[in-house]
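For reference, the structure is listed below as structure tokens.
Every read-out reported here was derived from the displayed coordinates using simple, explicitly stated rules and does not represent laboratory data. Owing to the predicted nature of the structure, the values given are computational and were not obtained by experimental measurement.
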Amino acid sequence: MIDDWTAPAGESPASLATGAELIARWSEPHRRYHTLDHLAAVLSAVSQLAAAADDLAAVRLAAWFHDAVYDGRPGWDEERSAQLAQSRLPRCGVPAARVAEVARLVRLTAAHDTLAAGDRNGAVLCDADLAVLGRPGYDDYAARIRQEYAHVPDDLFRKGRAEVLRRLLAVPRLYRTERARELWEERARANMSRELAALAAGRG
């Protein structure tokens, strides 16, 4: 996996040290879904959507950082992850403009529905982050999300999770890139609708 890091970040000692730090962060024992498997899946999805990005290197770097800090605190996690990118990437020799773009993209993943029209880099990263919704293994993904919120009582979790799913289902197009819609839109909507029905029946 380190090859996926050095491609956009280089192979300097500082870059290799940062890559090792990121892998350690993604391997933290409290994670259940936001793990190295999720990182690898997002990087794979970015590669599938690469033609739609304006700055593919920035998108790939943002994928590495987007959940590098994960404490289960929406908004806060993304902000801390963006700050980590701003701290680490300059010492890896990444140009200032690209560092700023990486941090912007990481912050964008806190609320995918804030993506502006014409934001090609943001569209690729957000679509890659949401690719799991339309790929095989959805039930395992949903179960792992529940494990990460094991401290939340069932009734409160069902209510919060249902709100998230309804918000995602309400948008006319879940994915912003044409390729992602072709690959995942139909299955994603079916998967989320099925989970929403299970939550309403008290099975989530």
If N is the residue count of region 1-89, its Cα Rg over 2.2 N^0.38 Å rounds to 1.03
Nearest 10, in degrees from 0 to 90: the angle of helix 186-200 to the longest Cα principal axis of the chain is 50 degrees
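I need the shape label for region 96-178. Rule: rounded when a/c is under 1.5, else prolate if a/b > b/c, else oblate, with a, b, c from the alpha carbon gyration tensor.
Prolate shape, in that a/c is at least 1.5 and a/b is the bigger ratio.
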Relative to the first principal axis of the alpha-carbon coordinates of the chain, what is the inclination of helix 36-48, with its axis defined by its Cα atoms, in degrees from 0 to 90 and to the nearest 10?
80 degrees
Hey, what's the per residue convex hull volume over the C-alpha atoms of region 142-199, in cubic angstrom?
85 Å³
Binning at 10 angstrom from zero up to the longest distance, how are the C-alpha pair distances of the chain distributed in percent?
9, 35, 37, 16, 3, 0
With the cut-off at 1.5 for a/c, could you classify region 45-96 from its C-alpha gyration tensor as rounded, prolate or oblate?
oblate
Given 4 °C and 1.567 mPa s, compute D for region 46-163 with the Stokes-Einstein relation, Rh being the Kirkwood radius over Cα pairs; round to the nearest whole µm²/s.
85 µm²/s
Before rounding to the nearest 500, sum -39500 (n - 2.57) across all DSSP H runs of length at least 4 in the chain and divide by the residue total; then give [θ] at 222 nm in deg cm²/dmol.
-19000 deg cm²/dmol
